[in-house]
Every structure is written in C-alpha cells, then in structure tokens.
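The values are calculated or read from the model by the stated rules, or taken from the named source; none is laboratory data. What you see is a predicted model, and the numbers here were worked out from it, not measured in a lab. Because the Cβ atoms are built from the backbone with ideal geometry, glycine has one as well, and the counts that use them run over all protein chains shown. Each accessible area value is taken on the protein alone, full model and side chains, heavy atoms only, with ligands, DNA and RNA left out. Shrake-Rupley method; radii C 1.70, N 1.55, O 1.52, S 1.80 Å.
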Amino acid sequence: MAQAGKGRLNYRCPMCFMRDLDIDMFYDKDKDEYYCIRCQYVGNEEDVLKRNEVIRMKYGAMMRRYKMEDF
C-alpha cells in the first residue's frame, strides 16, 4: 500500500476498490476513523480491514496461470 504521510498507515477505500479504483483513505485523528474524499466512505480501522479482505478474494487466483487442460 502506498504511504504518503497522511497520518497512520494508509488503506485503500473498500468502496472504491470494489470498482477497481485504487484510492487511499485519509485518517481523522479526532474521530479515530478513516474517510475517502472520492466516495465519502467513513469507517474505523477494523471495518476498513474487514471490507478490504472480502474484496481481495476476487484477486485470489491472480497469480495462477490457467491452461486449456484446467477447464
């Protein structure tokens, strides 16, 4: 993940990531939550990690090479 000094560790926005957009979230220290300036998603660290893990399932076979014999 990219780290551009916006606060703590930067995470991808799960809503934008579902649409194949790689948008970093910003961290609000006062509210202890992450937010996206593109889609207005707001969530705490646990919620962001949980949603990103679900989305990563679609890339599970990304590094596997398929052959015609596999089908």
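If you go through region 30-49 one residue at a time, how many are assigned to a helix (DSSP H, G or I) and in contact with a strand residue (DSSP E or B) (Cβ under 9 Å, 6 or more places away or on another chain)? Outline the logic, then answer.
Step one: filter region 30-49 for residues assigned to a helix (DSSP H, G or I), giving 45-49.
Restricting the remaining residues to those that are in contact with a strand residue (DSSP E or B) (Cβ under 9 Å, 6 or more places away or on another chain) gives 45, 47-48.
Going through region 30-49 one residue at a time, the tally reaches 3.
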So which pairs qualify, if the first residue must be in region 55-71 and at positive phi and outside any helix (DSSP H, G or I), the second must be modelled with pLDDT under 80 and surrounded by 10 or more Cβ atoms within 10 Å (Cβ to Cβ), the Cβ gap must be under 7 Å, and the two must be at least 6 apart or on different chains?
none
Failed condition for V48, given (1) of a type in the set (V, I, T); (2) open to solvent by 60 Å² or more (accessible area, probe 1.4 Å); (3) at pLDDT 90 or above, with all others met?
(2)
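Which of the residues belonging to region 13-42 are among the acidic types (D, E) and under 24 Å from K58 (Cα atoms)? Spell out the reasoning first.
Restricting attention to region 13-42, the residues satisfying the condition of being among the acidic types (D, E) are 20, 22, 24, 28, 30, 32-33.
Matches in region 13-42: D20, D22, D24.
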Quick one: K29 ticks every box in (1) in contact with a Gly (Cβ under 9 Å, 6 or more places away or on another chain); (2) surrounded by 10 or more Cβ atoms within 10 Å (Cβ to Cβ) bar one, so which box is it?
(2)
